Amino acid sequence: MQSFYNKALAGLLGLVVASVLIGYACVRSTYVRLPLLPAADSGLPWRGEIMADSAVGGRSTARMIDDTATLTFEFTSVKATDYPFVHAELAFRDRAGKFAHVDLSRYSAVEFDVKCMPANTLAFGLVMFEDQVSVPGRFDTYRAPYTYFFCNGNGEHVELDLARLRTDQWWFDTHKLNLARQEHTLTRIAKLSFGSTFQSPYGVPSTVQVRNLTLTGRDMRYLVLFAAFMLVAWPGYGLWFFRRHTQALLAEVKDKMRRDIPLVAYQQLSQDLHRDKEQSAILRFMATEYVNPELDVETTVNALGIGRNKINEILKAELGFTFSTYLNKLRLTEAARLLGAKEDTSVAEIAYAVGYRNVSYFNKLFKEEYGCTPKTFRKLRDSAPESAGP
């Protein structure tokens with residue numbers, strides 16, 4: 001059994017280590033990231049663009065300085081219209097360079113580093129296609145949810161929740177939609193936008209530099225995979241342990257019985273092997289009287305007229321056991337035989353039949369001898385193929 005327990009422990013440790021490593025890898029994998037800046041590291045193709053209110057009669061101006069390593073642009077916001085604006089946008093493209101819609105539903109947040117000169121409150125937004133409302137390529141029909149962030153010349157690290165972007169009321173009014181429908185999906189995104197707000201300084205040249213733009217999110221499918229692994233691996237180990245433990249226990253019991261049978265005097269007693277009359281007398285007496293619950297050293301001394309010390313010396317020299325140890329060997333070996341041979345006989349009846357008055361004490365000794373209770377021993381014997389018998 002020790003060999004089995006060593007293998008089981010090694011398997012358990014291996015399973016624990018594998019579970020920890022796989023769990024760690026799966027948890028790590030749930031954190032998904034999509035870099036967009038620098039452009040060379042971008043997971044999606046895009047092109048930098050500038051939009052200003054000059055296209056609708058305003059006088060704000062803007063120009064792109066860099067859209068590769070960073071997204072850097074300059075602008076001057078001029079209050080010549082009711083809502084002056086300037087936007088620097090990342091417009092997604094397909095392989096042919098045409099406008100494309102990308103699925104960003106795996107991502108729940110955006111983060112970036114930003115510097116502004118002078119200090120500024122800017123807007124970050126998405127330009128997304130809305131089913132039954134938007135016309136492909138006509139971005140004035142697209143939905144544009146946004147939120148605000150602050151930046152200054154010292155630099156800020158900004159993290160924004162994409163689920164908390166808001167859409168202006170005029171868009172709902174223009175398209176006759178319910179204003180309560182603020183929720184949106186990120187399955188068809190055309191652009192990411194950085195732009196001025198009504199709190200941006202007017203008539204002052206401003207510079208904005210965005211670095212390390214990255215979309216982040218959680219993909220819980222990896223946790224499902226980990227749960228599936230746990231549901232398969234641990235019950236599988238438990239099933240293996242149960243089956244192999246039963247097999248190992250049965251093999252040990254059989255081996256124990258093979259080794260004990262030659263010690264049973266009533267089966268193996270031979271005058272050729274025990275020429276000494278005292279040895280023969282002791283072994284013969286114990287072989288016939290072991291079923292007597294009153295049998296002990298004193299009973300044997302009185303019956304044979306051999307001294308206590310002499311009896312123990314003979315048994316120790318002949319078999320390597322003391323009187324009580326050998327007596328228990330006789331009784332337990334016969335009990336094991338009866339458990340396998342007499343299926344209709346109860347454990348208590350067998351205990352009494354081999355000389356034990358106390359069934360609990362018998363169960364304790366039997367388990368110490370064979371590594372399992374009498375009931376388990378009987379089940380193991382019944383479940384073993386006949387050809388595998390001792």
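The values are calculated or read from the model by the stated rules, or taken from the named source; none is laboratory data. None of the values given here were measured: they were computed from a predicted structure. Using ideal geometry, Cβ is built from the backbone for each residue, glycine included, and neighbour counts are taken over all protein chains shown.
Only one of these conditions is not met by residue 126: (1) in contact (Cβ under 8 Å) with a residue 24 or more places away in the chain; (2) in a helix (DSSP H, G or I); (3) closer than 27 Å to residue 174 by Cβ. Which number is it?
(2)
Under 6 Å between Cβ atoms, at least 6 apart or on separate chains: pull out the pairs that start in region 42-71 with a residue that is of a type in the set (Lys, Arg) and end on any residue that is part of a loop (DSSP other than H, G, I, E, B).
59/78; 59/80
May I ask you to verify whether residue 348 is at pLDDT below 90, of a type in the set (Gly, Ala, Ser) and part of a helix (DSSP H, G or I)?
Against the criterion (at pLDDT below 90, of a type in the set (Gly, Ala, Ser) and part of a helix (DSSP H, G or I)), residue 348 does not qualify.
State the number of residues belonging to region 93-108 that are under 38 Å from the mean Cα position of the chain (by Cα) and in a strand (DSSP E or B).
Step one: list which residues in region 93-108 are under 38 Å from the mean Cα position of the chain (by Cα), which gives 101-108.
Narrowing further to those that are in a strand (DSSP E or B): 102.
Total satisfying the criteria: 1.
Can you pull out every residue in region 187-238 that is among the β-branched types (Val, Ile, Thr) and more than 33 Å from the chain's Cα centre (by Cα)? Explain how you work it out, then say what you get.
Taking region 187-238 and keeping what is among the β-branched types (Val, Ile, Thr), we get 187, 189, 197, 204, 207-208, 210, 214, 216, 224, 232.
Correct list: 189, 197, 204, 207, 208, 210.
Does region 288-331 hold any residues that are among the hydrophobic types (A, V, I, L, M, F, W, C) and not in a helix (DSSP H, G or I), and which are they? Break it down into steps so the answer makes sense when it comes.
So in region 288-331, the residues among the hydrophobic types (A, V, I, L, M, F, W, C) come out as 291, 295, 297, 301, 303-304, 306, 311, 314-315, 317, 319, 321, 323, 327, 330.
291, 295, 306, 321, listed by residue number.
Do we find that residue 363 is surrounded by fewer than 20 Cβ atoms within 10 Å (Cβ to Cβ), under 20 Å from residue 298 (Cβ atoms) and not β-branched (Val, Ile, Thr) in this structure?
Values: surrounded by fewer than 20 Cβ atoms within 10 Å (Cβ to Cβ): yes; under 20 Å from residue 298 (Cβ atoms): no; not β-branched (Val, Ile, Thr): yes.
The answer is no for residue 363.
Rundown of residues vs (1) at pLDDT 90 or above; (2) out of contact with any strand residue (DSSP E or B) (no Cβ under 6 Å at 6 or more places or on another chain); (3) of a type in the set (Phe, Trp, Tyr), yes/no style:
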residue	(1), (2), (3)
319	no, yes, no
327	yes, yes, no
335	no, yes, no
342	no, yes, no
356	yes, yes, yes
365	yes, yes, no
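For residues that are touching a residue at least 12 places away in the same chain (Cβ under 8 Å), among the polar types (S, T, N, Q) and closer than 16 Å to residue 370 by Cβ, scanning just region 323-359, find the one that is surrounded by the most Cβ atoms within 10 Å (Cβ to Cβ).
The residue in question is 333.
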